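Okay, so here's the structure we're looking at.
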Amino acid sequence: MIVLGTVFVVWVLASHRLTASQLPDFAVVAATAYGMIFVAALGGYGLIELPRWFWRSGDAAGTLRRLQFQAPEAENAAYEAR
């Protein structure tokens, strides 16, 4: 990703579409765009799943029920792996 960004900046500078004095402004715009794409792509999952994980991990009885439900499957997998 860094290599691609560096190649793009060199290409824009070489094509005289961007001067060296405009480079810091371009860096701010590029970083903001990257951050917005990152939030849109991964934030939707993280903004929902992370609080859900905290909520579920705080419920000891629910965690015990989930582990008891998963235990037979894990035991079968371990038995078949032998």
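Coordinate-derived values only; no laboratory data. This one's a predicted model, so the numbers in the text were calculated from it and none came from an experiment. Every residue, glycine among them, receives a Cβ derived from its backbone with ideal geometry; neighbour counts consider all protein chains shown.
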Response to the item:
Expressed in nanometres to one decimal, the distance between label points 7 Å along Cα→Cβ at L23 and L42 is 2.7
Item to complete: Give a residue-ordered list of calculated ³J(HN,Hα) values for the stretch 12-19 (Karplus: 6.51 cos²θ - 1.76 cosθ + 1.60, θ = phi - 60°; whole Hz; x for Gly, Pro).
Response: 5, 5, 5, 7, 6, 8, 9, 9
Practice prompt. Would you mind working out the magnitude of the charge dipole of the chain relative to its Cα centre, with +1 at each Lys and Arg C-beta and -1 at each Asp and Glu C-beta, to the nearest 20 Debye?
Written response: 80
Discussion item. With a 10 Å cut-off between alpha carbons and a GNM built on the chain, which of A30, A40, A14 moves the most?
Written reply: A14
Practice prompt. Quick one: angle between helix 60-81 and the longest Cα principal axis of the chain, in degrees between 0 and 90, rounded to 10, please.
Written response: 90
Discussion item. Between A30 and W53, what is 0.36 nm times their sequence separation minus the Cα-Cα distance? Round to one decimal in nm.
Written reply: 5.1 nm
